[in-house]
Amino acid sequence: MNEPLVEIKNLKTWYPIKRGVFARTVGHVKAVDDITINIEKGETIGLVGESGCGKTTFGRTIIGLEKAASGSVLFKGKDLTTMNSADRKKCSQNIQMIFQDPFSSLNPRLTIMDIITEGLIEHNKIEKSIEADATRLLEEVGLNHEALYRYPHEFSGGQRQRIGVARAIGLKPDLIICDESVSALDVSVQAQVINLLMDLRDKYQLSYLFISHDLSVVRQISTKIAVMYLGKIVEFGPTKQIIENPQHPYTKALISAVPVPGKTIKDRVVLKGEIPSASNPPPGCRFHTRCPIATDNCKQEIPELENKGNTQVACFNTDND
Ligand SMILES: Nc1ncnc2c1ncn2[C@@H]1O[C@H](COP(=O)(O)OP(=O)(O)O)[C@@H](O)[C@H]1O
Ligand SMILES: [Mg+2]
């Protein structure tokens, strides 16, 4: 088998909590706490979990916007977390990120042409001319070249997100991290942007890390789903498997919250309580405080992700052994 496009090993991203006049570090928010996962070429991993579980921090650490506390992110075999800045800049062309709110991530003072060719100019990657390259990129995302000299505020949310996609694909990346990229859009527009992302994936063999709190969106586009809870992945496997035969009680709870037409839900799991704080996570399995099947062991030992069939599950008490 070929080596994975991205190999993430034991990745931890902790934010220090500072107190007092001397800003002493009194603890850490363990936003990403020991994640190991591979992203293969051409696959879309949907990363799903409640707000605050660390999804954005995970994406930002992969692309280098947050510093990892420990662990590694190997991109085509090279560790991004220890690279010098020149190598990192070269590698950074290959990983792009599309954010939730294209309005705040698109500079309001730049024209669309400037926005989508900024990276090309910086990396010396203009092929024909700035205008010709920008026109081609706009066409790729279904926008007319008339958009070139206009400004972000002149476009609708869906169109702005297309502009964000045009900017991301300009440098022909291998991986695009989409962080809640369609969450702010109406359902019909969401579907159009998802279709665009899927077309581009097929055309350019792109890989995506598709982050969303919304499982019904994630399942539309992902080839695999990773379920995250309080800084850790609790289940990871092929989309069909995760949706039709979830094993972790947290995944079951997420799935029972998503209505599926024509399907009645057996063993419905309704979660009690709020997600605990990442600065003071529960010992043992982090989910035990809300888990309907937790036993004493779960309060003390941390379950590792283990192979169960063709999925990986971090739970001591799943039935299908
Ligand atoms: N810059 C930061 N400084 C301190 N804590 C942060 C920072 N960014 C996020 N956090 C905390 O890290 C945890 C994970 O946040 P985030 O990655 O944004 O989660 P998600 O994207 O799943 O909603 C939360 O507890 C959040 O409050
Ligand atoms: Mg987020």
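Yes or no: segment 179-195 includes at least one residue that is away from ligand 1 (no atom under 16 Å from the Cβ), over 26 Å from THR318 (Cα atoms), crowded, with 21+ Cβ neighbours inside 10 Å and more than 18 Å from the chain's Cα centre (by Cα). Scanning segment 179-195, I find no residue that is away from ligand 1 (no atom under 16 Å from the Cβ), over 26 Å from THR318 (Cα atoms), crowded, with 21+ Cβ neighbours inside 10 Å and more than 18 Å from the chain's Cα centre (by Cα), so the answer is no.
Condition first: over 25 Å from PRO281 (Cα atoms) and out of contact with any Gly (no Cβ under 9 Å at 6 or more places or on another chain). Can you find one or more residues in segment 201-210 that meet it? Yes: one or more hits. Among the residues making up segment 33-64, those that are farther than 26 Å from GLN205 by Cβ and more than 8 Å from ligand 1 (Cβ to nearest atom) are ASP33, ASP34. A residue that is over 17 Å from GLU50 (Cα atoms), away from ligand 1 (no atom under 16 Å from the Cβ) and at pLDDT 90 or above cannot be found anywhere in segment 252-267. For segment 274-321, a residue qualifies if it is within 16 Å of ligand 1 (Cβ to nearest atom) and exposed (fewer than 14 other Cβ atoms within 10 Å of the Cβ), and the qualifying residues are GLU274, SER277, ASN280.
Out of everything in segment 45-64 that is of a type outside the set (Val, Ile, Thr) and farther than 14 Å from LEU11 by Cβ, what residue ends up being farthest from ligand 2 (Cβ to nearest atom)? Among them, the one singled out is GLY46.
The values are calculated or read from the model by the stated rules, or taken from the named source; none is laboratory data. Only a predicted model underlies this, so the values are computations on that prediction, with no experimental measurement involved. Counting neighbours? That spans all protein chains shown, and the Cβs are built from the backbone with ideal geometry, glycine included.
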